[in-house]
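*Asks:* Would you mind keeping the following structure in view while I ask a few things?
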Amino acid sequence: MLAGLDPEQRSAVTAPAGPVCILAGAGTGKTRAVTSRIAHRALTGDISPRHVLAVTFTARAAAEMRARLTALGVAGVQARTFHAAALRQVRYFAPRLLEGRAMPELLDSKVRVVTLAAAKVGLRADRAAARDLAGEIEWAKSSLVEPGEYVVAAAKALRDTPHEPAKVAEVFAAYEKLKRGNGVIDFEDMLRAAVWGIEEHPDVAEQVRGQYRHFVVDEYQDVNPLQQRLLEAWLGGRDDLTVVGDASQTIYSFTGASSSYLVDFPRRHRGATVVRLVRDYRSTPQVVGLANAVISQARGAEARLRLELVGQRPAGPEPELRIFTDEPAEANAVAARCRALVDGGTPAREIAVLFRTNAQSEAYEKALTEAEVPYVVQGAERFFERPEVRQAMVALRAATRSIPGETPLPTAVVEGLSAVGWAPDAAPAGGAARERWEALAALVQLAEEYAATPEVLPVGEAAAVERPVTLADFNDELARRAAQQHVPTVDGVSLASLHSAKGLEWDAVFLVGLAEGTLPTTYAKTPEQVEEERRLLYVGITRAREWLWLSYAGARSPGGRARRPSRFLPQLDRSGGGAERAGPGAARRTERRRNQVVSCRICGATLLGGADRKLGRCPTCPSDIDEELYERLREWRQRVAGAQKVPAYVVFTDATLTALAERKPGRTEELIAIAGIGPRKLGLYGETVLALVEGAAVDDVCPEKTFEIES
Ligand code: ATP
Ligand code: MG
């Protein structure tokens, strides 16, 4: 077993009984290390598997752990989520603690009771609003905050509360009362019951602690105060605890999770064995390099434990950074590439398209449908299956009766959506309410696109192109899209939010919509919130085994407002790391040049190669060169080079001449934008080149003497 481990993993596996903290980056084999530690200790007779409790945060991860332990020949270990472990324990002890009374029913969702509680305090909450209130209550309970403490705690934690904090506290209190009155408990109550059972009942404590003597927690950076309290109750002052985590992957702080337990572990457990795993067995060195570059910019508490990953796999393709004019173009390009990967033999289930918010999925659902690539939306409903979208479609159908046919389509859609309470002014606070708002905003955006370029003309009206599209046309279009995309699949490209992609991995990963305002979201206001957004990008990048694509659209819809690339995007360093620095000035200049994003002016893709950048387009994109101008420029260059007794390329390279003849700069600013023309050449030849582009003859601009040697 030890042979399959690297030296660091081995030291974690063979560390003596007692506190062990494994600080492991993404793809470094955390699960392999913790499962091997359990197996090694069991097989050497140090411990009995029956006495091990291994906790993770998802059922999927727990199942994975059980499977690996079985494969290592170890049976009998309890590998569970915190919830499952607590529930099992509470069920077991309930008869004793409740003296025969039935165990209260466990609510599987808070939303219904929260809706009632909101009504009790005079707040009308629709489903989305209730979900946000429930999220807030969940945060409070996971953070061990009581209703009476909520206002202060929320202010301290800079919570973006869905209502005035005092009102949320009222709902919270009413919710607790309603629950008690109805004899039901929620998930947090269940965890609290497990804690209370141990803390208040010595006999229960003795039995639980006798059963579980060795503890393992995976993804420890995600632990919240309530779960930590339960872990401490289990331990009862003992310290046979192995924790594994990666502070750089902390992306659930908004639910109350805190990486501080991981970060402070060595301080809280004096003498703990601390092991760092940095060899990345998942991704190519190219992907690893980008991941390192992104996280190297991180600030704050989580960044202090940051580890630089070292890629172990053979080299692979460079990550691609692509920029598109608008979102539909971005989605189409992603779908085309997915198609090519699938055609080339990559199974669709080994590909993922990851975005920041679920509202972004529609464009990709449509594009993949059209490219006939199967897909699965993870952790969310497909766009047209979301309740708010279905409701909106009903409202828009009804609106055709009241809204005059000549109303411009986007206006008609905005008016129609007012029936479901949507207004274009601003997104509301709160995750679920915001998601609903954004889904409906996506419909308005679709209307704008459709009004600009109706893809399918109404049947029989192909000739009447002049007729503006109506709301009825748009409704038909929505119905068509909904029907098209309503093809259930089990095996396909994963469309997932960055949050739900945690812990998963794929051969090819597309990170899309990487524009300011989306990642980081405009709702990330504090430096801490911005850092969590950066970690989201890091989690996304580290999901890729081999192919990684990062893209964003300059505008949401065709002709829309311009957007900037995400501030987290580093420049892809082509030098393979260790770029030599000829001095601070030179380094800064190189950096600046590399930082300048040059896009293909034909297709919009970002150009990375030097020659392509000079040309201003992909070598494969059609050239729109002015042949006559090119010839004149060449003729001029020849004369200048002759006069200066230098080779022609010293004046301008062929690529620069081609770019000039293609782009025909009319002003100095346009001239300097062409790669290969710096301040010096601008001073020497700027005016002449502009004159040539304007149509001047070579003889006019080139009296032999102009270009005397400059030393
Ligand atoms: P994440 O942070 O994304 O959850 P992780 O640290 O849990 O990542 P694993 O999924 O355990 O990473 O490991 C990534 C891959 O590397 C797995 O396929 C695992 O089998 C493999 N691996 C781990 N350690 C080694 C090793 N020493 N030699 C070869 N392969 C390894
Ligand atoms: Mg893992």
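The values are calculated or read from the model by the stated rules, or taken from the named source; none is laboratory data. All of these numbers come straight from a predicted model, not from anything done at the bench. Neighbour counts run over all protein chains shown; Cβ positions are idealised from the backbone, glycine included. SASA here: full protein model, heavy atoms, side chains in, ligands and nucleic acids out. Shrake-Rupley method; radii C 1.70, N 1.55, O 1.52, S 1.80 Å.
*Asks:* Give the number of residues within the stretch 219-246 that are within 16 Å of ligand 1 (Cβ to nearest atom) and open to solvent by 10 Å² or more (accessible area, probe 1.4 Å).
*Replies:* Filtering the stretch 219-246 for residues within 16 Å of ligand 1 (Cβ to nearest atom) gives 219-223, 242-246.
In the following step, the residues that additionally are open to solvent by 10 Å² or more (accessible area, probe 1.4 Å) were identified as 219, 222, 246.
Adding up the residues that qualify gives 3.
*Asks:* Pairs, please: C-beta under 8 Å, at least 6 apart or cross-chain, first residue not assigned by TED's automatic domain parsing to the domain that holds residue 644 and in the stretch 667-694, second open to solvent by 30 Å² or more (accessible area, probe 1.4 Å) and among the hydroxyl-bearing types (Ser, Thr, Tyr)?
*Replies:* Hits for this filter: zero, empty list.
*Asks:* Considering only the stretch 114-128, I want to know if a residue exists there that is farther than 30 Å from residue 422 by Cα and among the basic types (Lys, Arg).
*Replies:* no
*Asks:* Between 112, 127, 91, which is among the basic types (Lys, Arg) and within 30 Å of residue 202 (Cβ to Cβ)?
*Replies:* 91
Condition check ((1) touching a helix residue (DSSP H, G or I) at 6+ places or on another chain (Cβ under 7 Å); (2) assigned to a loop (DSSP other than H, G, I, E, B); (3) not β-branched (Val, Ile, Thr)) across all residues:
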| position | (1), (2), (3) |
| --- | --- |
| 38 | yes, no, no |
| 54 | yes, no, yes |
| 61 | no, no, yes |
| 85 | no, no, yes |
| 93 | yes, no, yes |
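*Asks:* Looking at this structure, is residue 271 within 30 Å of residue 15 (Cα to Cα), open to solvent by 40 Å² or more (accessible area, probe 1.4 Å) and more than 16 Å from ligand 2 (Cβ to nearest atom)?
*Replies:* Against the criterion (within 30 Å of residue 15 (Cα to Cα), open to solvent by 40 Å² or more (accessible area, probe 1.4 Å) and more than 16 Å from ligand 2 (Cβ to nearest atom)), residue 271 qualifies.
*Asks:* Considering every residue within the stretch 587-594, establish whether at least one is within 30 Å of residue 26 (Cα to Cα) and at pLDDT 80 or above.
*Replies:* no
*Asks:* Looking at the structure I just gave you, is residue 70 over 28 Å from residue 200 (Cα atoms), surrounded by fewer than 23 Cβ atoms within 10 Å (Cβ to Cβ) and of a type in the set (S, T, N, Q)?
*Replies:* yes
*Asks:* Another one. Of the residues that sit in the stretch 58-67 and are crowded, with 18+ Cβ neighbours inside 10 Å and within 10 Å of ligand 2 (Cβ to nearest atom), which one is modelled with the lowest pLDDT?
*Replies:* Among residues in the stretch 58-67 that are crowded, with 18+ Cβ neighbours inside 10 Å and within 10 Å of ligand 2 (Cβ to nearest atom), the one modelled with the lowest pLDDT is 61.
*Asks:* Another question, if that's okay. Looking at the stretch 331-346, can you tell me whether even one residue there is open to solvent by 20 Å² or more (accessible area, probe 1.4 Å), of a type in the set (Val, Ile, Thr), over 24 Å from residue 500 (Cβ atoms) and out of contact with any Cys (no Cβ under 7 Å at 6 or more places or on another chain)?
*Replies:* no
*Asks:* Between residues in the stretch 15-41 that are within 26 Å of residue 285 (Cβ to Cβ) and residues that are away from ligand 2 (no atom under 16 Å from the Cβ) and open to solvent by less than 10 Å² (accessible area, probe 1.4 Å), which pairs lie under 6 Å by C-beta distance while being six or more apart or on different chains?
*Replies:* 36/13
*Asks:* Within the stretch 231-251, take every residue that is in contact with a Leu (Cβ under 9 Å, 6 or more places away or on another chain), away from ligand 2 (no atom under 13 Å from the Cβ) and of a type in the set (A, V, I, L, M, F, W, C) and give me the one that is nearest to residue 31 (Cα to Cα).
*Replies:* So, considering only residues that are in contact with a Leu (Cβ under 9 Å, 6 or more places away or on another chain), away from ligand 2 (no atom under 13 Å from the Cβ) and of a type in the set (A, V, I, L, M, F, W, C), the one nearest to residue 31 (Cα to Cα) is 243.
*Asks:* Out of 41, 50, 32, report the one residue that is away from ligand 1 (no atom under 13 Å from the Cβ), within 25 Å of residue 227 (Cα to Cα) and surrounded by fewer than 24 Cβ atoms within 10 Å (Cβ to Cβ).
*Replies:* Checking each option against the conditions leaves just 50.
*Asks:* Right, residue 18: over 30 Å from residue 313 (Cβ atoms), more than 16 Å from ligand 2 (Cβ to nearest atom) and touching a Ser or Thr at 6+ places or on another chain (Cβ under 9 Å) or not?
*Replies:* It is true that residue 18 is over 30 Å from residue 313 (Cβ atoms), more than 16 Å from ligand 2 (Cβ to nearest atom) and touching a Ser or Thr at 6+ places or on another chain (Cβ under 9 Å).
Residues are listed down the side, and each one gets a yes or a no for (1) open to solvent by 30 Å² or more (accessible area, probe 1.4 Å); (2) closer than 25 Å to residue 543 by Cβ:
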| site | (1), (2) |
| --- | --- |
| 350 | yes, yes |
| 386 | no, yes |
| 393 | yes, no |
| 404 | yes, no |
| 412 | no, no |
| 443 | no, no |
| 450 | no, no |
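*Asks:* Moving on. Search the stretch 488-517 for residues being outside any loop (DSSP other than H, G, I, E, B) and open to solvent by 20 Å² or more (accessible area, probe 1.4 Å), and hand back the single one that is nearest to residue 376 (Cα to Cα).
*Replies:* The first filter runs over the stretch 488-517 and keeps only residues outside any loop (DSSP other than H, G, I, E, B), leaving 493-497, 499-501, 506-511, 515, 517.
Still in the running and open to solvent by 20 Å² or more (accessible area, probe 1.4 Å): 499-500, 507, 517.
Working: 499: 16, 500: 13, 507: 16, 517: 26 Å.
Looking at residues that are outside any loop (DSSP other than H, G, I, E, B) and open to solvent by 20 Å² or more (accessible area, probe 1.4 Å), I get 500.
*Asks:* How about the stretch 298-320: which of its residues are at pLDDT 90 or above and of a type outside the set (Gly, Ala, Ser)?
*Replies:* 309, 310, 312, 313, 314, 317, 318, 319, 320
*Asks:* Give the residues of the stretch 235-287 that are within 23 Å of residue 18 (Cα to Cα) and among the aliphatic types (A, V, I, L, M), sorted by residue number.
*Replies:* The answer is 235, 241, 243, 244, 247, 262, 263, 272, 274, 275, 277, 278.
*Asks:* Just checking, which of 4, 25 is farther than 14 Å from residue 73 by Cβ and either within 11 Å of ligand 1 (Cβ to nearest atom) or aromatic (Phe, Trp, Tyr) (or both)?
*Replies:* Working: 4 fails: farther than 14 Å from residue 73 by Cβ.
Criteria check complete, one pass: 25.
*Asks:* Among the numbered conditions (1) at positive phi; (2) touching a helix residue (DSSP H, G or I) at 6+ places or on another chain (Cβ under 8 Å); (3) free of Cβ contacts under 8 Å to residues at least 40 places away in the same chain, tell me where residue 237 comes up short.
*Replies:* So the condition that residue 237 fails would be (2).
*Asks:* Just give me the residues in the stretch 207-229 being polar (S, T, N, Q) and in a helix (DSSP H, G or I), in sequence order.
*Replies:* Scanning the stretch 207-229 gives 207, 211, 221, 227, 228.
*Asks:* Moving on. Quick check: is even one residue across the stretch 153-166 surrounded by 23 or more Cβ atoms within 10 Å (Cβ to Cβ) and either assigned to a helix (DSSP H, G or I) or within 16 Å of ligand 1 (Cβ to nearest atom) (or both)?
*Replies:* Step one: of the stretch 153-166, the residues surrounded by 23 or more Cβ atoms within 10 Å (Cβ to Cβ) are 162.
If we keep only those that are either assigned to a helix (DSSP H, G or I) or within 16 Å of ligand 1 (Cβ to nearest atom) (or both) too, we end up with none.
No; the residues of the stretch 153-166 include none that is surrounded by 23 or more Cβ atoms within 10 Å (Cβ to Cβ) and either assigned to a helix (DSSP H, G or I) or within 16 Å of ligand 1 (Cβ to nearest atom) (or both).
*Asks:* Within the stretch 1-22, can you find the residues that are closer than 15 Å to residue 310 by Cα and open to solvent by 10 Å² or more (accessible area, probe 1.4 Å)?
*Replies:* 6, 7, 8
*Asks:* Scan the stretch 306-330 residue by residue and report those that are open to solvent by less than 70 Å² (accessible area, probe 1.4 Å) and over 21 Å from residue 543 (Cβ atoms).
*Replies:* Across the stretch 306-330, the qualifying residues are 323, 324, 326, 327, 328, 329.
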